[in-house]
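Worksheet: one structure, shown below.
The values are calculated or read from the model by the stated rules, or taken from the named source; none is laboratory data. In this text the structure is predicted, and so the values were computed from the model without any measurement. Don't worry about glycine lacking a Cβ; one is built from the backbone with ideal geometry, like all the others, and counts go over all protein chains shown.
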Amino acid sequence: MENSWISIKGYVMGALAFISCPCHLPITLPLLVVVTAGTAFSAWLQNNLFAVGGASTVFFVGSLVLAIRWSGRRARVRHRVESTMRPQKLIK
């Protein structure tokens with residue numbers, strides 16, 4: 001059960017990484033401004049585009065690292081590499 005929970009967390013973080021990717025910022029930033037319209041946060045978003053881009057990049061990298069770690073793929077790759085590095089028995 002614990003492995004499936006870790007896998008679900010990995011998929012959620014992967015989705016967050018996809019949404020927060022800086023290349024999607026021309027789509028997500030106007031949506032975020034519309035959702036927060038009329039607030040001080042919306043005005044701050046519109047006036048600090050470089051800060052928003054930097055924060056989006058940091059969040060993207062962090063969520064991508066967690067997605068890879070929590071999906072269990074890292075452990076599977078490590079196991080595959082270790083199994084190929086074992087010394088083979090010589091046939092005489």
(request) Please specify each residue of the stretch 38-57 satisfying the condition of being over 24 Å from the mean Cα position of the chain (by Cα) and of a type in the set (S, T, N, Q). (result) THR39, SER42, GLN46, ASN47
(request) Could you grab me the full set of residues in the stretch 1-54 that are over 30 Å from ARG69 (Cα atoms), among the aliphatic types (A, V, I, L, M) and surrounded by 15 or more Cβ atoms within 10 Å (Cβ to Cβ)? (result) VAL33, LEU45
(request) State all residues of the stretch 36-88 that are modelled with pLDDT under 90 and among the aromatic types (Phe, Trp, Tyr); if no residue qualifies, say none. (result) TRP70
